[in-house]
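Undergrad: Have a look at this one.
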Amino acid sequence: MEKSIPEMYGSLVFNDSVMKEKLPKDVYRKLHKTSKYGASLDLDVANTVAAAMKNWAVEHGATHFTHWFQPMTGVTAEKHDSFISPRSNGEVIMEFSGKELVKGEPDASSFPSGGLRATFEARGYTAWDPSSPAFIKDGTLYIPTAFCSYSGEALDKKTPLLRSMEALNEQAVKVLHLLGYDDVTHIDTTIGSEQEYFLIDKDLYKKRKDLLLTGRTLIGAPAPKGQEMEDHYFGVLKPKVSEYMHDLDEELWKLGVPAKTKHNEVAPAQHELAPVFETANVAVDHNQLTMEMMKKVADKHHYACLLHEKPFAGVNGSGKHDNWSIVTNTKMNLLDPGSDPYHNKTFLIFLLATISAVDNYQDLLRISVASAGNDHRLGANEAPPAVVSIFVGDELAKVLDAIDHEASMEKTEKTEMSIGAAVLPNFVKDPTDRNRTSPFAFTGNKFEFRMPGSSLSVADPNIILNTAVASSLEDIYDALKDVPAEELDQEVYKLLKKMLDDHKRILFNGNGYTDAWLEEAKKRGLFNLKSLPDALPQFKAEKNVDLFTKYHIFTESEIDSRYEIKLENYSKTIHIEALTMIDMVKRDFTPALFKYMKAVESELLDKKALLGSVSGYDLRVLKELDACSNAIDEGLAKLEADVKKAEGETDSLAQAEFYHDVILKDMDELRVPVDTAEAKLPSEALPYPTYDQLLFSL
Ligand code: ADP
Ligand code: MG
């Protein structure tokens, strides 16, 4: 019989309830302390945990274990070792020690390090992260780990995320104690990351070099239909797609990933999955698993899952909304305004801490989501602009206005909503409407950062967010710590007003897609960092280096390394795209074009022999195709010459700028005659599937 969902959920996870059952009480308690509060772990405890984990894993069919980590490639890495340990009598036993659980030593030399590690220092370490549960996948026990170099520098995304969570914890608890919450000992950042993706037919996918090698289409005439009918968003799920989603949910549930919502997205063939939010660190691991499972389950269903931010020109790309909040160990959501936000000091302090953090570190937030793929979305009227701003909605805007004008404010009553048909239930109206165009929106009891791209590790934006808010909270603490208790209320509102004065330029409730806003943002002195090479130099701005080093998120050499890796990754991505485009145009498209032109030409010659002269449609087609072919020739020559120049550039920033300013433009220009010609070719003459086949065949 099939398992029920509660039985299936987390069945492959060494989670809290399994640990409680399998571990001696004192060991469980010590481990719990480590995973919740970062206490260090002694080897005895590790040994006991390792043995229990191994027994449990073997019972569930596992033969191997792996330290699972998140190098700066943005995807995960793993190396599998079996549990077997041969004995002298020729038999084997299954063994797993505390040492093996706690520490691994993968060769680090083939992962990006941005110059942190010389090749002769190839050694890297992985260290068990007990705050994210181990799980079984494909017969292997996966142990979430952090990854660092021989000299202790972080080479991954998890380490700085954990550091940022600790920084935020320390500052938030200090402020909460000041406000009288003596029972708060710990806070957690919570994250729910909505994940968008495309599904296309696997056979069609395999026929396109650009999709295979770069994840996006580099050429292709638009389909006669795009997303203009608005009939796909939330539309009925097609049965086959629905089966895929069902299967995906089940695989994720087994791994303890709380997949919750699924629906069709705006573009044809585009969909979304949203989980229930979790502690940041676990949510990040689970988002990585989600992306991996999306691809794996797709393969089983004869689909290809595209996680690229802009797989198709002319229809929406894919993002990953990062919903973020802070919750205390006493289960208080610090961004919950409650029924009377104006009088909710705690909420207002955390709200303004976030607002000022976003204003102070707009540039870092922008950088955290910058990639060659995501740069195609931001500012393209389908995703937020590259300018970071905050939407708080009408109700909070009124509250902030009152604070700003030192006016008092009555509690606002909730509005009952009646739709006017007696059979429909009335319900309480949400305090704010939505604003889809805002990069950073308050959505009821959390903020939603909408700039991240679909393939990004959500660790990146959350490292910045946590650290920036920690810094604001420390300023708040410093401003209030010596205030006598009876004056605290008054001083809080004074401080809130001052923070608002300093940072209200970041608040914007209007339409973020308009040019008027970009003008206005410029007047307000907000950053508009349009591309990765535009944005990245800010990573090393003094204020940002100060922030990172003060809160021990990155050392200066870790900052340098991440800067180099981002630039390198950007340039390499566009380099591969350019080479792929050249290859496809030269070896796939133009031969097809010539073949078709030849057919038209011989038809014309036959016609001429018969009629003495030719004119009309077929002649015009040939002439137009000939013009395209000449333009393709020119475009190819320019792109090829410029790629050579790009390859020769030795300065990493100058190189990235060249890829942005010259190569991307060359590619756009070359695409025009290719797409124009494609639209005139019969489908069967084309060597690869077209946009209408890719987007509308499921
Ligand atoms: P939306 O507001 O986008 O329609 P939801 O309210 O369903 O959607 O939430 C979207 C995402 O936000 C979900 O992944 C959800 O779990 C997450 N979320 C909700 N509350 C919080 C919170 N307090 N902290 C972090 N994420 C949250
Ligand atoms: Mg959302």
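Undergrad: In a loop (DSSP other than H, G, I, E, B) and surrounded by fewer than 24 Cβ atoms within 10 Å (Cβ to Cβ): which single residue out of Ala402, Ala380 fits that description?
TA: Exactly one residue qualifies, and that residue is Ala380.
Undergrad: Would you pick out the residues in the stretch 150-184 that are touching a Phe, Trp or Tyr at 6+ places or on another chain (Cβ under 8 Å) and hydroxyl-bearing (Ser, Thr, Tyr)?
TA: Scanning the stretch 150-184 gives Tyr150, Thr159, Ser164.
Undergrad: Got a sec? Which of Ala407, Ala372, Ala441 is on the phi < 0 side of the Ramachandran plot, within 16 Å of ligand 1 (Cβ to nearest atom) and either at pLDDT below 85 or aliphatic (A, V, I, L, M) (or both)?
TA: Working: Ala407 fails: within 16 Å of ligand 1 (Cβ to nearest atom); Ala372 fails: within 16 Å of ligand 1 (Cβ to nearest atom).
Criteria check complete, one pass: Ala441.
Undergrad: Next question. What residue, among those in the stretch 266-281 that are crowded, with 21+ Cβ neighbours inside 10 Å and more than 12 Å from ligand 1 (Cβ to nearest atom), is nearest to Leu465 (Cα to Cα)?
TA: Asn281
Undergrad: Here's another thing I want to ask about it. Which of the residues belonging to the stretch 265-284 are away from ligand 2 (no atom under 15 Å from the Cβ), of a type outside the set (Gly, Ala, Ser) and either without any contact (Cβ under 8 Å) to a residue 60 or more places away in the chain or over 21 Å from Ser697 (Cα atoms) (or both)?
TA: Passing the criteria: Glu278, Thr279, Asn281, Val282, Val284.
Undergrad: Could you count how many residues in the stretch 308-350 are more than 11 Å from ligand 1 (Cβ to nearest atom) and touching a Pro at 6+ places or on another chain (Cβ under 8 Å)?
TA: Going through the stretch 308-350 one residue at a time, the tally reaches 10.
Undergrad: So Ser85 clears everything in (1) part of a helix (DSSP H, G or I); (2) among the hydroxyl-bearing types (Ser, Thr, Tyr); (3) surrounded by fewer than 17 Cβ atoms within 10 Å (Cβ to Cβ) except one condition, right? Which one?
TA: Tallying (1) part of a helix (DSSP H, G or I); (2) among the hydroxyl-bearing types (Ser, Thr, Tyr); (3) surrounded by fewer than 17 Cβ atoms within 10 Å (Cβ to Cβ), Ser85 fails exactly one: (1).
Undergrad: May I pose another question? I need the full set of residues from the stretch 40-72 which are without any contact (Cβ under 8 Å) to a residue 40 or more places away in the chain and surrounded by fewer than 20 Cβ atoms within 10 Å (Cβ to Cβ), in order please.
TA: In the first step, residues of the stretch 40-72 are kept if they are without any contact (Cβ under 8 Å) to a residue 40 or more places away in the chain; the result is 40, 42, 52, 55, 58-59.
Selection gives Ser40, Asp42, Asn55, Val58, Glu59.
Undergrad: Which condition number in (1) within 22 Å of Ala223 (Cβ to Cβ); (2) within 16 Å of ligand 2 (Cβ to nearest atom) is the one that Val315 fails?
TA: Of (1) within 22 Å of Ala223 (Cβ to Cβ); (2) within 16 Å of ligand 2 (Cβ to nearest atom), only one is false for Val315: (2).
Undergrad: Can you find a residue in the stretch 351-361 that is within 16 Å of ligand 2 (Cβ to nearest atom) and either closer than 30 Å to Ser571 by Cβ or in the same structural domain as Leu488 (by TED's automatic domain parsing) (or both)?
TA: Scanning the stretch 351-361, I find no residue that is within 16 Å of ligand 2 (Cβ to nearest atom) and either closer than 30 Å to Ser571 by Cβ or in the same structural domain as Leu488 (by TED's automatic domain parsing) (or both), so the answer is no.
Undergrad: Identify the residue in the stretch 180-205 that is over 25 Å from the mean Cα position of the chain (by Cα) and charged (D, E, K, R) and, among all such residues, is nearest to ligand 1 (Cβ to nearest atom).
TA: Asp183
Undergrad: Here is a list: Leu488, Leu500, Leu536. Which entry is surrounded by fewer than 18 Cβ atoms within 10 Å (Cβ to Cβ), assigned to a helix (DSSP H, G or I) and aliphatic (A, V, I, L, M)?
TA: On the way: Leu500 fails: surrounded by fewer than 18 Cβ atoms within 10 Å (Cβ to Cβ); Leu536 fails: surrounded by fewer than 18 Cβ atoms within 10 Å (Cβ to Cβ).
Result of the check over Leu488, Leu500, Leu536: Leu488.
Undergrad: How many of the residues in the stretch 599-619 are exposed (fewer than 11 other Cβ atoms within 10 Å of the Cβ) and either of a type in the set (Lys, Arg) or on the phi > 0 side of the Ramachandran plot (or both)?
TA: 2
Undergrad: Hey, among the residues in the stretch 109-160 that are over 14 Å from Thr555 (Cα atoms) and aliphatic (A, V, I, L, M), which one's surrounded by the fewest Cβ atoms within 10 Å (Cβ to Cβ)?
TA: So, considering only residues that are over 14 Å from Thr555 (Cα atoms) and aliphatic (A, V, I, L, M), the one surrounded by the fewest Cβ atoms within 10 Å (Cβ to Cβ) is Ala118.
Undergrad: Assess whether Ser318 counts as being surrounded by 24 or more Cβ atoms within 10 Å (Cβ to Cβ), among the polar types (S, T, N, Q) and on the phi < 0 side of the Ramachandran plot.
TA: Working: surrounded by 24 or more Cβ atoms within 10 Å (Cβ to Cβ): yes; among the polar types (S, T, N, Q): yes; on the phi < 0 side of the Ramachandran plot: yes.
So Ser318 passes the test.
Undergrad: Which of (1) part of a loop (DSSP other than H, G, I, E, B); (2) free of Cβ contacts under 8 Å to residues at least 12 places away in the same chain; (3) under 30 Å from the mean Cα position of the chain (by Cα) is the odd one out, the single condition Val75 does not satisfy?
TA: Condition not satisfied by Val75: (2).
Undergrad: Now a separate question. Report yes if Glu647 is more than 27 Å from Arg562 (Cβ to Cβ) and either charged (D, E, K, R) or outside the structural domain of Gln270 (by TED's automatic domain parsing) (or both), otherwise no.
TA: Here the answer is no, as Glu647 does not meet what is asked.
Undergrad: On the basis of being without any contact (Cβ under 8 Å) to a residue 12 or more places away in the chain, at negative phi and not small (Gly, Ala, Ser), does Asp588 make the cut?
TA: On the way: without any contact (Cβ under 8 Å) to a residue 12 or more places away in the chain: no; at negative phi: yes; not small (Gly, Ala, Ser): yes.
Spelling it out, it is not the case that Asp588 is without any contact (Cβ under 8 Å) to a residue 12 or more places away in the chain, at negative phi and not small (Gly, Ala, Ser).
Undergrad: Restrict the check to the stretch 469-482 and report whether at least one residue is of a type in the set (A, V, I, L, M) and within 13 Å of ligand 1 (Cβ to nearest atom). Break it down into steps so the answer makes sense when it comes.
TA: From the stretch 469-482, those of a type in the set (A, V, I, L, M) are 469-470, 473, 476, 479-480; that's our starting set.
This time we only want the ones that are within 13 Å of ligand 1 (Cβ to nearest atom), so: none.
Checked the stretch 469-482: no residue is of a type in the set (A, V, I, L, M) and within 13 Å of ligand 1 (Cβ to nearest atom).
Undergrad: Could you tell me which residue of the stretch 374-405 is farthest from Thr514 (Cα to Cα), considering only residues that are of a type in the set (A, V, I, L, M) and in contact with a strand residue (DSSP E or B) (Cβ under 7 Å, 6 or more places away or on another chain)?
TA: Per the criteria, the residue is Leu396.
The values are calculated or read from the model by the stated rules, or taken from the named source; none is laboratory data. Not measured: the values here are computed from a predicted model. We place every Cβ from the backbone using ideal geometry, glycine too, and count neighbours over all the protein chains shown.
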